[in-house]
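**Student:** First, the structure itself, so that you have it in front of you.
FYI, it's all coordinate maths here, none of it is from the lab. Please read all numbers here as calculations on a predicted model, not as lab measurements. When we count neighbours, we look across all protein chains shown, and the Cβ atoms used for this are built from the backbone with ideal geometry, even at glycine.
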Amino acid sequence: MRRAVLIAAATVVAALALSGCAGASSAASAADPADAEVTVYAAASLGAAFDELAAAFERLHPGIDVRPIVYDGSSTLATQLIEGAPADVFASADEANMQAVADAGLATDPRVFATNTLVIAVPAGDPRGIAGLEDLADPGAAVVLCAAAVPCGAASAVLLANAGVDVTPASEEQNVTAVLTKVAAAEADAGLVYATDIARADGVEAVEAEGATDVVNRYPIVALAGAAHPAAAGAFVDFVLGAEGQRVLAEQGFGAP
C-alpha cells in the first residue's frame, strides 16, 4: 500500500513538472511576436556583422522578419530618424549621434554593444609608401577622410590632432564605406577607416595608426520609441547584446563593449 501511494505521488509530481515545462514553453512562444517586421538603421561599419546577425536572429525567431537593414553614416541616419523616417532599432557608431536621437524623444536607455578603432587604409602594395599618420600630411598624398559629422570623421580628427598631424583631405565622405571604396579603387593614396572594415576588404592594406587605441568608438543600440513592433525590436536588441550576438561581432573584429 505504501509503495502504491509513493508511486502515485511521484506520478503527480512528474505530471506537474511536465505541465510547468509546457507552460513555460507556451509562455515563451506567446512572448515571441508572430508575423512581425523589424526595421533596423545601422552604421555603415556594421554592414557585414549585422547582415549575419539578422540571419541568425530570424532563425531563432521564425515569426520575425528583419527587413533589409538601412546602412549609412550615423549622422545621416540620425537626421533621417529625427525627421520622421520609420524605424524600430537604431545602432550608431558613436554616442553623440545616438544622443541626438535620444534628445529628440526617440530613444531611451541605449546600451553600448561594441567598440572599434581606426587604421590607415592604403591601396594594395601601398604605392605611396604610407608608413604612419605623419605621411598623411604630405601635400602630394591624396587622403580621403570621413566628414566631421560622421563618427569615423570625428574620431579621425581627434586621432590626427593627438598626433599633431594636419591633413587637408582630397575629399570628405559621408560614411566609412565610401572612404574604403575610394582607397580600394586607388582613387586615393590613403584613408582612415575602422579596423573591422579593412579586415574583410579586397584591394587594400592596413597601416597602423599610432595612438588609435586611445581613440575608441563606442557603438550604442536601442529599440526606438514608436516602434511598430516593440517586442520584436526589443528582442533584436537583446540578441545583439547577448552571447551569440557578441560572438558574431567579435568574429567580425569588433571590441567588447
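**Student:** Restrict the search to the range 194-257; then list the GluC sites (Glu not before Pro) that DSSP places in a loop and that have at most 15 other Cβ atoms within 10 Å of their Cβ.
**Tutor:** Those that pass, being in a loop and sparsely packed, are E208, E210.
**Student:** Follow-up question, since we're still on this one. Only residues of the range 54-85 count here: report those whose backbone N is under 11 Å from the spot 7 Å along Cα→Cβ of E244, or say none.
**Tutor:** Once the point is set 7 Å along Cα→Cβ of E244, 54-62 turn out to lie under 11 Å by backbone N, inside the range 54-85.
**Student:** Using Stokes-Einstein with the Kirkwood hydrodynamic radius over Cα pairs, what translational diffusion coefficient do you get for the chain at 10 °C and a viscosity of 1.306 mPa s, in µm²/s rounded to a whole number?
**Tutor:** Reported coefficient: 79 µm²/s.
**Student:** Using Cα pairs under 8 angstrom and six or more residues apart, how large is the relative contact order of the chain, in percent?
**Tutor:** Here the relative contact order equals 27 percent.
**Student:** May I ask you to compute the full-extension gain from Q80 to V158, defined as 0.36 nm times their residue separation minus their alpha-carbon distance, rounded to one decimal in nm?
**Tutor:** Gain in length upon complete extension: 25.5 nm.
**Student:** Which translational diffusion coefficient, to the nearest whole µm²/s, is obtained for the range 94-213 from the Stokes-Einstein equation, given a Kirkwood hydrodynamic radius over C-alpha pairs, 20 °C and 1.002 mPa s?
**Tutor:** Estimated via Stokes-Einstein, D reaches 146 µm²/s.
**Student:** Here's a follow-up. For every other residue with a beta carbon closer than 11 angstrom to the beta carbon of A124, add +1 if it is Lys or Arg and -1 if Asp or Glu, then tell me the sum.
**Tutor:** With Lys, Arg at +1 and Asp, Glu at -1, the neighbours total -3.
**Student:** Report the equivalent ellipsoid semi-axes for the range 102-141 in whole Å, largest first, defined as the square roots of five times the eigenvalues of the gyration tensor built from alpha carbon atoms.
**Tutor:** Largest first, the range 102-141 gives 39, 13, 9 Å.
**Student:** Any idea how far the Cα center of the range 166-245 sits from the one of the range 47-110, in Å?
**Tutor:** 14
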